Amino acid sequence: MSRIGRLPVEIPAGVEVTIAENNVVTVKGPKGTLTESLPVEMDIKKEENRVIVTRPNDLKKMKSLHGLTRTLIANMVTGVTKGYEKVLEINGVGYRAQKQGKKLILSLGYSHPVEMEDPEGLESVLEGQNKITIKGIDKQKVGQYAAEIREKRKPEPYKGKGIKYADEVIRRKVGKTGKK
């Protein structure tokens with residue numbers, strides 16, 4: 001058995017899980033509603049206040065889908081109860097971020113400011129001019145949007161300038177040295 005796949009997903013109070021045909025799982029909670037179409041091969045059952053995922057056989061594909069399906073359901077339950085957030089930091093002289101309505105405007109040393117629109121269901125919050133927090137209930141969308149913002153100016157290894165995740169460690173390199 002898959003170590004992760006065999007664990008039941010606990011459903012906290014205030015969260016409603018419905019499983020439709022073709023494994024379309026809908027999770028409603030205090031922060032919103034998430035719907036996901038999960039692999040049809042897996043058998044998803046709701047028993048009292050928990051969701052149990054079982055696999056039909058021990059083929060390699062089924063084993064890998066087993067843990068994935070369980071984790072996706074667990075992420076949906078966590079998303080509608082607590083939500084997800086990613087924190088990005090901007091390092092560099094003159095690098096900063098501004099917020100105008102749903103637009104995030106980044107000054108990253110280019111000849112023009114970079115404008116990004118917050119996707120549906122996500123919110124970007126600024127703390128000062130150098131810290132961006134992406135909040136939402138869908139873990140995948142939060143991570144994707146944070147990656148797209150980071151992509152605009154990745155951190156470079158010599159001075160550490162650019163946009164990095166708050167928990168990311170930049171491996172620094174030693175620059176050139178002059179001749180003697």
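Derivation of every value follows stated rules applied to the coordinates shown; laboratory data play no part. Everything numeric here is computed off the predicted structure, so don't read it as measured data. In this analysis, Cβ positions are derived from the backbone assuming ideal geometry, glycine residues included, and neighbour counts consider all displayed protein chains.
As a length-normalised measure over Cα pairs under 8 Å and 6 or more apart, the relative contact order of the chain settles at 18 percent. Computed 3J(HN,Hα) for region 64-73, one whole-Hz value per residue from the Karplus formula 6.51 cos²θ - 1.76 cosθ + 1.60 where θ = phi - 60°, is 6, 5, 4, x, 4, 4, 4, 5, 4, 5, glycine and proline marked x. Here is how the number arises for the chain: DSSP H runs of 4 or more residues each give -39500 (n - 2.57), the sum is divided by the residue count, and the result at 222 nm is -6500 deg cm²/dmol.
The residues neighbouring Arg55, those whose beta-carbon lies less than 14 Å from its own, together hold a net charge of +4 under the Lys/Arg +1, Asp/Glu -1 convention. A DSSP coil position with no more than 13 other Cβ atoms inside 10 Å describes the following GluC sites (Glu not before Pro) in region 109-180: Glu120, Glu168.
Here Glu48 and Ala147 are evaluated by their C-beta separation; at R0 = 41 Å the FRET efficiency comes out at 0.60.
Stretched out straight at 0.36 nm per residue, the stretch from Gln140 to Val169 would grow longer than its current Cα-Cα span by 8.2 nm. Computed from the C-beta positions of Glu16 and Glu36, the FRET efficiency with R₀ = 22 Å rounds to 0.90. Charges were assigned to the Cβ only: +1 to each Lys and Arg, -1 to each Asp and Glu. The resulting dipole of region 34-87 about its Cα centre is roughly 180 debye.
Along its principal axes, the chain has C-alpha extents of 70, 45, 24 angstrom, given from the largest down. All Cα-Cα distances of region 115-180, cut into 10 Å bins from zero to the largest, leave 18, 43, 23, 10, 5, 1 percent in each bin in turn. Label-to-label distance for Glu115 and Lys154 is 2.7 nm, based on points extended 7 Å past Cα in the beta-carbon direction. Paramagnetic label reach from Glu85 (point 7 Å along Cα→Cβ; backbone nitrogen cut-off under 19 Å): within region 108-134, residues 118-134. Along the chain, the longest continuous region that contains none of the chymotrypsin sites (Phe, Trp or Tyr not before Pro) in a DSSP loop with at most 16 other C-beta atoms within 10 Å is 1-109.
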